[in-house]
Structures are given as C-alpha cells and as structure tokens.
Amino acid sequence: MKKSYLLIPGFLLTTYCLLSLHACKKSEVKAPPEKVINVQIQPAEKRSLKPFVETIGTLNPYEEVIVSAEVDGIIKDVKADEGSIVSKGQVLAAIDDTDYNLEVKRADAALRQAEATLSNTNLEYQRKEALYKEQLVTQQQFDDASTKRFLAEADVERAKADFSLARQKLLKTKVYSSLAGVVKEKKTEKGNYVKNGTSLFTVVRNNPIKLNFTVTEKDVGKLKMGQDVLFKVDAFPDREFKGKLSIIYPCLEENTRTLQVEAQVPNQNGLLKPGLFAHVTLYTGAERGIILVPVTSLLYEGETVKVFIVALDRAKERFVKAGQKFKLQSSGGGQPASSGQSETHEYAEITEGVKEGDLVVTVGQQNLFEGAKIAVSKQ
C-alpha cells in the first residue's frame, strides 16, 4: 500500500513537465506579420476658384410677335417666307386695296361736300347776324342760322373722321413687320381671304437671345443681377458662350421648388437658335481660395463624410465637411472645365478636416482603418 501512494506524485510531476515543455515550444512560434495595404494618394491642394451653380436651360427669342391682318380682304402679294430676315417696317404682305381706294375717294368727296355746305352756311350766318343787329330779322331766324352753322361744322368734322378712317384702312392693306428679326412662320398664301385679326406671320428677334433656366431653392440666395453666365450647346460643343443674368423671377415653382431666371446673350452672328438646349454655369461670387480633394477619396457613412490621409506609413481617419464639386483640368487651372474636355477630374471642396498638402488616399481607402499600415503605389 505504501508503494501505490508514492507512484501518484511521480505521475503528476511527469505530466506537469510534459505540459510545460509543450507550452515552451508554442511560445517559440513567431506572430504573423502585419498586413500592408496598397493605396494611391494625392495631396490636398488649394486653388483660387469662383463659386458657381451648374444647371440646364433653353434658348428663346428675345422678342416674338405675331403679325396679323388689320383689315378684311384677299391677299394680293406675299413678300416674305420662313427664314426671311426682315427689318422693322418692312412690308410682309399686301391685301387687295381696290375697295379701300374707292372708300377713300368716297370719303374725300363727302368731306369736300361738307366743307362747301359749311362755307355757304357761314355766309348765311354772317348775313343773318348783320340783319339781326339792325333788328331786321327775328330772334328765331337768327337762331336757325346759328343752328345750321353748328350742324354744318359737325358734318365737316364727321366727314374728316370718315376720310381719315378710310385712309387708315387703305394703309393697313399693307402688312408691316413690327420689329427687325427673322420670319419664324408664314401662315398665309397669295389668294387667301383674311379677316381683321387673322395671324399671318410670326417674327422673332434673336439678337440678343434669351437663355432661360432654373436654379434650386438652396441656390436662390446666391443670385444677383448682372452675374456672368457661361454655357455650351450641343450644336457647337467646342465653343463657350457668355451672357449676363438679366431677370430673376419673383416666385418659385411650387412643384419643383426651383426659381426661373433669365440671361441675355449677344448673338450678332446668329449662331445661337431658339430651342437649343444649354449646359449652364452661373458664377455666383468672386474667386476665393479653397481646399480640394478628388471626389473618389470621399467615403460616405450615413450623413458623415470621411477621408484617409497618410502619416508616415499609417492611415489616419479624418471626418470632413464637403462643399461644392468642381470639374477641373488635372494640370491645374482656376475655373471649372468644360464638359467633354479630356484630362478633367472631379474635385470636392473641403471646408473642414483637411488642410493643404495632406496626403489623401484616393485608391484603396475602402480597405483602410485607423492606424492601418500602408504602402503607397505609383499611379
């Protein structure tokens, strides 16, 4: 029995030594190397830029009038067609004036007759007046002469009005353009019978030309009369046109929460046509220095925005406030690049969280975390 008790402590000692030896061997195994994440970076840069609003718009005529007939009759001649350039006061069409010429002659004859009657009535009145002063005619006879003269004078005035009206109708047999511009639409032909008020032509003035566009509710406070407006149209993709903000409408459209505005654009060569679609850039202030980072560097987490910057070989997380976005030439330049140009990139304004010169991660930031070890690869 004594020998059995001695074996148990020896067994425990042996087991303890074996376990200790195994633990010692495990401690000699090295920890795995730290993971290195490859990224690309770009320094945050400060540029002097003008704040702007981008939107879309449509070109419209500066003026548009409908030229209508002012008298009834048959169209005798048409002197303009669609696309015809016309001056103010130019004859566009003529209505047969035969009846109106005859009316002028009739009115003229009636006027001369009334004037002759008035002349005779005046002579009679003068005689009756002289006799009345000598009490050779009665009061009634003198009053009758006065009434006849008054009626004769009224007849002359009426005849003059009829003659003037007949002449005006004769003049209106010629249809004139009320402005200098281009005939947009011709609505009549030779031989058509027209009535007073019938639309005959639509004439538009395209120099200057109007650019109509809308801005969102949040940008309304940035609008001021006279601001520069730059725009491009698909018809001339390599050209940029310029105008000035000329009208700010008083009320927002309730359905879209946008405000209608209008710019006036010179169009001396007539390149711009009403109806063209425009890509608009409206400058809303003077140049100011802003910090820019590539849009691709931004990471969105709900309502927050963050970027990663490089400090030695470690990633540092920075929460930022992003402002306006700009399309800029990668080589520099102070203004938004025109759409369609090569070598343009989109940048975001950073108002808080990043300073000029910070090395911002632009590729690979989705795999990063605070303190991650990184290796910068060439772009």
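Figures for the structure shown
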read-out: Residues of the range 223-242 that turn out to be assigned to a strand (DSSP E or B) and either in contact with a His (Cβ under 9 Å, 6 or more places away or on another chain) or surrounded by 15 or more Cβ atoms within 10 Å (Cβ to Cβ) (or both), as a count; value: 7
read-out: Selection count where residues are over 11 Å from Val204 (Cβ atoms) and crowded, with 18+ Cβ neighbours inside 10 Å, scope the range 71-89; value: 5
read-out: Where a residue in the range 102-130 is among the hydroxyl-bearing types (Ser, Thr, Tyr) and its partner, wherever it lies, is surrounded by 15 or more Cβ atoms within 10 Å (Cβ to Cβ) and assigned to a helix (DSSP H, G or I), with Cβ under 6 Å and at least six apart; value: Thr117/Ala152; Thr121/Lys148; Thr121/Arg149; Thr121/Ala152; Tyr125/Ala145; Tyr125/Arg149
read-out: Enumeration of residues in the range 200-222 that are assigned to a strand (DSSP E or B), surrounded by 15 or more Cβ atoms within 10 Å (Cβ to Cβ) and out of contact with any Gly (no Cβ under 6 Å at 6 or more places or on another chain); value: Leu200, Phe201, Thr202, Asn206, Asn207, Pro208, Ile209, Lys210, Thr214, Val215
read-out: All strands (runs of 3 or more DSSP E) inside the range 33-84 with 1 or more residues being more than 30 Å from Lys210 (Cα to Cα) and among the acidic types (Asp, Glu); value: 45-49, 73-78
read-out: Number of the exception - Lys76 against (1) at pLDDT 90 or above; (2) under 32 Å from the mean Cα position of the chain (by Cα); value: (2)
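The values are calculated or read from the model by the stated rules, or taken from the named source; none is laboratory data. Given the structure is predicted, the values throughout are model-derived calculations rather than measurements. Don't worry about glycine lacking a Cβ; one is built from the backbone with ideal geometry, like all the others, and counts go over all protein chains shown.
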